[in-house]
């Protein structure tokens with residue numbers, strides 16, 4: 001039960017400090033209402049347009065590739081965990097432990113090469129490329 | 001400190017998560033919300049798998065949870081692609097808008 | 001034969017060949033992404049599918065999965081994660097045949113399409129998944145194979161990116177597919193919770209050793225959720241909504257592929273999971289209910305819903321889509337008819353039906369592909385009088401439709417006959433009910449199938465048509481499917497033997 005008292009005290013203090021600081025600053029600061037203060041902050045520039053802008057589709061392509069290849073690493077993880085034990089033991093040969101993972105990575109590489117060749121990671125096109133597409 | 005919480009609490013948690021996901025699927029009309037709800041349901045299954053792996057003392061469930069995560073990512077990738085062409089054709093991501101065929 | 005000398009993993013060769021083919025297609029496309037050599041791509045896919053078919057047939061001929069003196073026994077891989085037995089090979093054959101037909105037919109159908117290489121590699125990847133599914137013997141491998149089938153299928157249905165119908169179909173297929181796979185995984189996690197294993201034989205052992213005592217409710221819920229996953233894949237009742245939409249919107253060869261191969265693959269895992277992992281007696285004791293009851297209900301409802309909805313359609317593709325739901329109902333009899341001490345006759349009959357169905361249904365959908373290629377329209381009226389211009393294809397269509405309806409001399413009659421006698425021989429009241437439903441529904445299906453035959457052969461064309469082109473690939477695929485539908489008749493002895501043996505081996 002004592003543990004919980006400590007945690008509760010911590011939570012209370014954690015809540016009180018920011019609230020106290022906000023109260024103190026409210027009491028101390030001068031009040032100068034001005035409309036400019038309510039404008040959207042955009043790095044000091046004059047804000048233009050809405051917040052719902054459309055991004056270049058390339059962001060999506062790269063994010064998608066990242067998502068897939070990043071997640072595939074979870075399948076490397078269990079392999080990496082047993083790798084050292086498997087190398088030391090005589091029961092499995094080196095090809096048996098390396099082979100599947102090499103095959104897996106090769107398949108991923110084929111996929112990456114395909115995506116690359118088909119322009120999934122091509123961020124911008126030179127005018128000549130745009131021309132040749134037409 | 002021992003984590004002696006019974007496996008039934010984890011099952012309750014995962015069932016709650018599963019039902020939240022199911023509720024989202026049944027009520028939301030936005031395709032992206034639908035995807036998120038499906039993710040909730042998949043992760044509910046992951047909680048179960050890991051809790052039961054701990055309970056049964058074998059690693060089968062944990063490894064399967066890894067596979068589930070990878071497949072969920074692949075599913076999202078395909079799903080987002082489909083939602084993208086949906087938006088291009090129908091100018092909307094509402095799943096009830098496309099009704100060129102009878103439902 | 002030389003099968004003895006090969007290492008164990010070559011047992012999966014039919015699936016591995018397909019995977020290699022898909023990778024080869026990616027490499028071909030990476031070398032020259034801008035040019036699309038249709039003949040090369042279609043050729044590579046068809047060759048891969050045929051090689052996979054040849055290896056699977058060779059394995060069966062060499063006796064893989066058969067006991068006895070000349071049998072090589074079942075090949076067991078990766079601690080039983082995969083098992084290559086007669087049933088696996090049988091379904092690998094079905095998948096490979098349909099894939100070959102579809103890739104040949106797509107050569108013409110997809111002629112002016114931008115994404116050629118993508119189309120064929122997705123097709124072969126989906127086929128890889130189905131082939132793997134046939135051999136999967138653990139809930140892990142089953143789920144991975146299921147997703148490997150589903151994900152390319154979603155993209156394939158929506159591949160006509162600028163066609164609203166195709167995109168809509170892809171979306172609906174994806175939404176229901178994602179939902180059902182989430183339900184399936186949750187079911188897997190519950191079964192794992194109750195038994196502590198994911199490998200099917202180990203689940204059965206755990207159930208027999210009473211590991212799962214007190215978890216009956218969990219197990220029952222898990223099994224129910226697994227059935228949900230299978231129902232999606234086989235387009236059976238609680239998850240059949242996607243089928244008419246997806247089949248109608250998708251490119252017709254893909255509809256053929258999904259409604260034949262994908263359905264067969266869904267059934268093979270249903271057969272394997274329920275015969276291997278959940279032995280009737282112990283599971284029944286544990287959850288207090290016989291799971292065949294669920295399949296009895298599903299079978300009757302599925303075939304009735306499918307056939308009655310098909311009878312009211314006025315678009316040909318949609319009619320075929322609903323009839324394909326009806327046929328899923330027929331194949332479900334295979335699971336409904338299992339009993340504690342047998343049932344290999346019904347299950348073998350269901351497997352036969354899926355093989356025959358692979359030819360006749362693929363053929364019928366490919367005829368729709370041909371009609372779309374001609375651009376004649378979608379409704380029954382649009383098909384009027386096609387026989388004047390294309391008698392060969394329309395004759396083939398007649399064979400497919402009468403076979404689907406189950407008219408005596410054709411392949412479809414024999415598989416339905418075996419299903420009927422099998423159901424009668426089980427002899428319980430519910431199975432007699434199923435048999436009666438089978439007969440009533442087949443009679444009803446004759447009505448709408450003959451409606452299409454009548455439109456094509458007897459009705460006069462509404463509009464004047466020019467002579468229609470005869471695309472080689474589509475014609476070849478349709479004629480081959482028609483020949484196989486007829487030829488299976490004399491071959492039915494060996495086919496039924498193989499199927500019943502394969503069924504007996506897993507039970």
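Readers should treat all values here as calculations from the given coordinates under stated rules, not as data from a laboratory. Bear in mind the structure is a predicted one, so any value in this text is a computation, not a measurement. Here the Cβ is made from the backbone with ideal geometry for all residues, glycine too, and neighbour counts use every protein chain on show.
Rounded to the nearest 5, what % of the DSSP beta bridges within chain C are antiparallel ones? Numbers along the way, then the final one.
On the way: 7 of 8 bridges.
In chain C, approximately 90 percent of DSSP beta bridges are antiparallel ones.
What ratio of Cα Rg to 2.2 N^0.38 Å holds for chain A?
On the way: Rg = 28.5 Å, N = 134, 2.2 N^0.38 = 14.1 Å.
Taking the Cα Rg and dividing by 2.2 N^0.38 Å, one obtains 2.02.
So what is Rg over Rh here for the stretch C:381-507, counting just Cα atoms and using Kirkwood for Rh? Write down the numbers at each step before the final one.
Details: Rg = 18.2 Å, Rh = 16.8 Å.
Radius of gyration over Kirkwood radius for the stretch C:381-507 works out to 1.09.
Counting only helical runs of four or more DSSP H residues, what would the 222 nm mean residue ellipticity of chain C come to if each run contributes -39,500 (n - 2.57) and the total is spread over all its residues?
Working: 21 runs with 367 residues, N = 507.
Calculated from helices alone, the mean residue ellipticity at 222 nm is -24500 deg cm²/dmol.
How much mean residue ellipticity at 222 nm does chain A get from its helices, if each DSSP H run of length 4 or more adds -39500 (n - 2.57) and you divide by all residues, to the nearest 500 deg cm²/dmol?
Using -39500 (n - 2.57) per qualifying helix, the result is -23500 deg cm²/dmol.
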field: Angle between chain C longest axis and helix C:139-157 axis [Cα atoms, degrees, rounded to 10]
entry: 10
field: FRET efficiency, 1/(1 + (r/R0)^6) with R0 30 Å, evaluated for residue C:47 and residue A:102 via beta carbons
entry: 0.70
query: Per residue Cα convex hull volume for chain C, in cubic angstrom?
result: 133
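Only counting other Cβ atoms within 10 Å, I'd like C:472, C:498, C:428 sorted with the fewest neighbours first. It would help to have the intermediate numbers written out before the result.
On the way: C:472 11, C:498 21, C:428 14.
Sorted ascending by nearby Cβ count, the order is C:472, C:428, C:498.
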Cα-based helix-to-principal-axis angle, C:164-195 vs chain C, degrees rounded to 10: 10
statement: Note to self, chain B gives a 222 nm [θ] from helices alone (DSSP H runs n ≥ 4, -39500 (n - 2.57) apiece, / all residues, nearest 500) of -27000 deg cm²/dmol
task: Please sort C:367-373, C:119-125 by packing, taking for each peptide the average over its residues of neighbouring beta carbons within 10 angstrom, highest first.
output: C:119-125, C:367-373
Peptide A:76-84, shielding by other chains (average Cβ, 10 Å cutoff): 1
query: For residue C:424 and residue B:26, what is the calculated FRET efficiency with R₀ set at 45 Å and r taken between the beta-carbons, to the nearest 0.05?
result: 0.60
- prompt: To the nearest 10 degrees, how steeply does helix C:391-405 sit against the main Cα axis of chain C, on a 0 to 90 scale?
  reply: 30
field: q = 0.08, 0.10 Å⁻¹, the protein assembly as shown: log10 I(q)/I(0) [Debye, one scatterer per Cα]
entry: -0.67, -1.02
message: Taking the beta-carbon count within 10 Å as an exposure proxy, list C:410, B:22 from fewest neighbours to most.
response: B:22, C:410
- line: Here FRET efficiency (C-beta to C-beta, residue A:84 to residue B:12, R₀ 35 Å, nearest 0.05) is 0.35
task: Equivalent ellipsoid semi-axes for the stretch C:292-507, as square roots of 5 times the alpha carbon gyration tensor eigenvalues: give them largest first, rounded to whole Å.
output: 33, 18, 12
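Averaged over A:57-63, how many beta carbons belonging to a partner chain fall within 10 Å of each residue's beta carbon? Let's see the in-between values first.
Working: counts 1, 0, 0, 3, 1, 0, 2.
Mean inter-chain Cβ contacts per residue within 10 Å come to 1.
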query: Of the listed peptides C:14-25, B:84-95, what is their order by residue-averaged count of other C-beta atoms within 10 Å, with the highest listed first?
result: C:14-25, B:84-95
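Peptide C:371-380: average number of partner chain Cβ atoms within 10 Å per residue? Walk me through the numbers on the way to the answer.
Values: counts 0, 0, 0, 0, 0, 0, 0, 0, 0, 0.
What the average comes to for C:371-380 is 0.
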field: Packing rank of C:40-51, B:10-21, C:96-107, A:90-101, where each peptide gets the mean count of other beta carbons within 10 Å, highest leading
entry: C:96-107, C:40-51, B:10-21, A:90-101
